[in-house]
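The values are calculated or read from the model by the stated rules, or taken from the named source; none is laboratory data. As the structure is a prediction and not an experimental result, all values here were calculated from the model. When we count neighbours, we look across all protein chains shown, and the Cβ atoms used for this are built from the backbone with ideal geometry, even at glycine. When the accessible area is computed, the model is the full protein with side chains, heavy atoms only, and any ligands, DNA or RNA have been set aside. Shrake-Rupley method; radii C 1.70, N 1.55, O 1.52, S 1.80 Å.
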Amino acid sequence: MNGRLLVAGVGNIFKSDDGFATAVVTWLEVNALGSWPDWVVLRDYGIGGIHLAYDLLDDYDELVLVDAMHRDGASGTVYVVSPDLVAPAPEDTPAVDAHDLAPESVLALVPALGGALPRVTVVGCEPETVDDGMGLSAVVAHQVAVAGQAVCDLVAAADIRRAEAFSSAPSS
């Protein structure tokens, strides 16, 4: 255990509410990053989800993924979900187009590249629209700080888990 945590935003700013993660990452840069421990890494991958897959080969223990997500709720609903991720068999690994940025595809690629998936938590927001256009809908824009605080809470919980793990480790 190295204790590193990656907070990763994914989405397309040219598809309205799909740019939610970029807004959350910007909020975190202004409101939280300076107070986080140095083992927390914050990155906005935008439409470069393939880069996220390769970065996850760098031995992260946890991933907090921020994204717009459809779960059939009311627009603007913020979700915090710990998905059950099962690595596909090598023959079932999806072919990933650099422009296919579905987080499920990106995460499925990690084991195929020889890596192991870390603990994953998704902080998402139900979009109102993902039509072409820049800027978030009003209802989603109002949830950026809510999602940002949810990410901060997850970082704080990881800090507690990390401290407990290191304090219970045998000394050499």
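Some observations on this one:
- Surface per residue (accessible, 1.4 Å probe) for region 1-88, Å²: 47
- Helices that extend 27 Å or more along their long axis by alpha-carbon positions and average at least -1.0 on the Kyte-Doolittle scale are, among the DSSP H runs of the chain, 144-168.
- Two-site label geometry, Arg119 and Met134: point separation in nm, points 7 Å out along Cα→Cβ: 3.9
- Here the extension length gained between Asp58 and Ile160 equals 34.5 nm, from 0.36 nm per residue of separation less the Cα-Cα distance.
- Among (i) 1.20; (ii) 1.04; (iii) 1.45, the entry that matches Cα Rg over 2.2 N^0.38 Å as calculated here: (ii)
- Cα-projected label distance for Ser167 with Val80, points at 7 Å along beta-carbon direction, nm: 2.1
- Percent accessible area from carbon and sulfur atoms, the chain, protein chains only, probe 1.4 Å: 53
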